[in-house]
1. Go through region 143-159 and give me each residue that's open to solvent by 50 Å² or more (accessible area, probe 1.4 Å) and of a type outside the set (D, E).
2. Within region 20-135, which strands (runs of 3 or more DSSP E) (wholly inside it) include 2 or more residues that are free of Cβ contacts under 8 Å to residues at least 12 places away in the same chain?
3. Consider R60 carefully, then state whether it is open to solvent by 80 Å² or more (accessible area, probe 1.4 Å) and either of a type in the set (D, E, K, R) or in contact with a Leu (Cβ under 8 Å, 6 or more places away or on another chain) (or both).
4. Within region 160-205, track down each residue that is among the polar types (S, T, N, Q) and open to solvent by 30 Å² or more (accessible area, probe 1.4 Å).
5. Hand me the list of helices (runs of 4 or more DSSP H) wholly inside region 218-314 holding 1 or more residues that are charged (D, E, K, R) and surrounded by fewer than 20 Cβ atoms within 10 Å (Cβ to Cβ).
6. Determine whether R86 is under 15 Å from T21 (Cα atoms), open to solvent by 90 Å² or more (accessible area, probe 1.4 Å) and either touching a Pro at 6+ places or on another chain (Cβ under 6 Å) or not aromatic (F, W, Y) (or both).
7. Which of the residues belonging to region 109-125 are among the hydroxyl-bearing types (S, T, Y) and either open to solvent by 40 Å² or more (accessible area, probe 1.4 Å) or closer than 13 Å to L297 by Cα (or both)?
8. So which residues in region 138-180 are touching a helix residue (DSSP H, G or I) at 6+ places or on another chain (Cβ under 9 Å), farther than 20 Å from D235 by Cβ and at pLDDT below 85?
Amino acid sequence: MPWTDRVGRRLTPRDLHIFMTVAEAGSMAQAADRLAISRPVISKTIAGLEAVLGVRLFDRTATGSLPTPYGEVLLRRGIAVFDELRHSVQEIAELADPNAGLLRIGTTEVTAGGIVAASIARLSARYPRMRFYTERGGVHLRMDLLRERRVDVFVIRPATKDPDPDVAFEPLMHDRLLVTCGATSAWARRRRVSLADLVHESWILAPAEVAPGGSMAVAFAAAGAALPETIMISDSLPMRLSLLATGRFITVIPHSTVMLAPRPHWLRILPIAIQPWHLPTVIATLRHRTLTPLAQLFIDEARAVVATLGDGGP
């Protein structure tokens, strides 16, 4: 007989609770007093459990009821069952309480230092005991992190405007790139400069920025210039900043990151206007999955952060 027919539909938490109370109290009479129910109800419940399981659970003695070896197994496992239920109730309470819950956020390196960090800072100020976990990964891994429930939300600039059928995108903003250099760069003191002027400089650009249709590929083409010949391909923001500080490199940094993250005193923004990305930065979530209250708080906070940024001009 299948487990669901033999036990799953006939063994209830109430029956298990009564059984455990008898085992702990040592007699059906004392269990009845503790539970404020009649002894016949206790006796009938234990008899029903024994019929379902096909074994005797208690030895009845003159001094009370002692678990048999079968009863000891059920008692041990029953304790584990109720312990898991108790933890479930605690976790549910934590999910609903920002001051006790854990919010898991997926992010890219760039959004981590900007929108995500700013949103976490604001939330942690309002809810000091709120806990945060962040994780990064490639485009496909990012969606897998959502599907595997390893993160609740993911803040990304996607490669396509059409998400997978099981994923929902909520647009936050169309970010734009700011052309930057170090304070010791000769270009830092120029009041007028164009992309065409910088073609022969050493650039650091991300793969998505120079790919066909990428923001910088489009920008150089619009300026009537080819992509720079001396170029380092990297999407590492720390690497960009470290090399930028030497004064020998040019790079682009999203407006949101420059405005929201701590800005190095030596960072200079050049007066070059780059059109916003044609795809927005979004918050990705699983479609048809109920958001936790903490995830919704984060989404609302991210919207408020983005509202402080203005139009993103240089």
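1. Passing the criteria: R147, R149, R150, R157, A159.
2. Output list reads 58-61.
3. Criteria met by R60.
4. T160, T184, S194, S202
5. So the answer is 293-307.
6. Here the answer is no, as R86 does not meet what is asked.
7. Correct list: S119, S124.
8. P163, D164
The values are calculated or read from the model by the stated rules, or taken from the named source; none is laboratory data. If you're wondering where the values come from, they're calculated on a predicted model, not measured in any experiment. Neighbour counts are summed over all protein chains in view; Cβ atoms, including those assigned to glycine, are modelled from backbone coordinates with ideal geometry. The accessibility values were calculated without ligands, DNA or RNA, using every heavy atom of the protein model including side chains. Shrake-Rupley method; radii C 1.70, N 1.55, O 1.52, S 1.80 Å.
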